[in-house]
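Just below is one structure, and these are the notes that go with it.
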Amino acid sequence: MSFEEYAALARQLAEQRRVGERNAAAESERRRDLHAAVDYLHQRLTAQGHRLDQLGRAIGIDQPAAVARPQQGHPGSGPGAAGTWPSPPPGTGSPGDSAVVSGPPAGPGPGGGRPDGAAGAPGRADVGAYPELPVGEARLALPTAVSPAGAGVPAQRAAAVDPAVELELARRMADEADRHGHQAELLAQRPALLPTWSPLARAVAVYTGCGAAAGVLMLTLVLASGVGLVDGFTLGAWICAGLPALAFFGGYLVLGRWGRPAMVAGNPPRYLPLGFLICFLLVPMGYCAYLLLFRTLR
């Protein structure tokens, strides 16, 4: 071999070495990017887990329900254990397989006490028995997967998974989880009672409703006073103080129970002066309107 050929071979080896180094550097950079993406997704999922725990505590769930995990079988006892061959389920496989698996041995075949194999099938007397594997080779036998079509089918290997594709799918799922979590937070910031109303309008509606309920009780007392069951002093006390106070505290409790969002910093305003004014004016005004209407119709 001449010197020029040696030089060309050396240049070719140097080029291959540079290509290998570039490929190794690109693979290293790809692995670093994948590790960075995994760390970022881990941080996002951890933050989402904490946020979901806060949402669960806000709606009254202290901890999520335990997920039942499948029990793992004993090593060497499952269908994928080396050196074991699972028997097919009843009613599957060919009639010959069922006879070989579940039926009793008919007797020693031509293989010197070994199973007949294909020679035991009817009409296949010219086929020799399957050779028996030695002990060392039997341990290296591939496991088979039990399928509804028949037994003895080798299990297929799982296809290679691209980490970049899986990370992209995980990122999309995390984005979807963030979107649903944001919607859940918006719903949690709304109270159960009149969620689309403003706090002031909600308070006015609640105090007015409680005052109207107190007005119904006031009419009941007025009718009871008309038949002599309630005297005038008791009726006046309930109309001027008792029923308005009941309406005010009823509205206060309703706003505190159903007018408070599940997730809110501090206590929402209940507008106590406004509620006091509404309740202590609505009931006496209702009584005055009743008297005016009664005298007008009379």
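The numbers here are math on the coordinates, done by the rules we state, and not lab data. Everything quoted here is computed from the prediction, not taken from an experiment. Every residue, glycine among them, receives a Cβ derived from its backbone with ideal geometry; neighbour counts consider all protein chains shown.
Remarks
- The stretch 230-298: C-alpha pair distances exceeding 14 Å, %: 68 percent
- Protection proxy ranking, peptides 42-49, 213-220, average beta carbon neighbours within 10 Å, highest first: 213-220, 42-49
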